[in-house]
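In what follows, a single structure is set out as structure tokens and then discussed.
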Amino acid sequence: MVSHADGDAADVEAGRALFMQKGYYECHGIFGQGSIATGPYTVNCAACHGQNGEGGVGPTLIGISNRYQTANSETRIREPHGIMPKLYPNPLNAKDVQDVASLK
């Protein structure tokens, strides 16, 4: 568990509010999880597909843009098959799905 003992109470509350609004943290502005696009990926996808898309419980996503058009990837995220959990429309919204599907 992360300790906030050294942090300013206002910063801690701002971080909590951001997490409750977006469902993930953005440490250091938009670069906390790589970018706005990768934030939802890190929180919702990386546990199965790997931090860098290398695969794990879920298949590798490396080179997926060579196998599927972005629209097809969006459909697979919105309407998953097999053991992939349904993450749309919650916790992923339409913009998150577009951002995750467009990752290279």
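In nm, what is the difference between 0.36 nm times the number of residues separating E79 and Q98 and their Cα-Cα distance?
Numbers: separation 19, 0.36 × 19 = 6.84 nm, distance 1.36 nm.
Here the segment from E79 to Q98 would lengthen by 5.5 nm.
Taking a Cβ cut-off of under 15 Å around A46, the surrounding Lys, Arg, Asp and Glu residues balance to a net charge of -3, with basic ones at +1 and acidic ones at -1.
With a 10 Å Cβ neighbour count serving as the proxy for reagent exposure, in which order, fewest first, do H49, H81 appear? Don't skip to the end; give the middle numbers.
Numbers: H49 22, H81 6.
So the residues, fewest neighbours to most, are H81, H49.
Taking 7 Å steps out from each Cα toward its Cβ at C48 and A71 produces label points 2.5 nm apart.
All of the numbers you see were taken from the coordinates with simple rules; none came from a lab. Being a predicted model, the structure only gives us computed values, none of them experimental. No Cβ is skipped: glycine too gets one built from the backbone with ideal geometry, and neighbour counts run over all protein chains shown.
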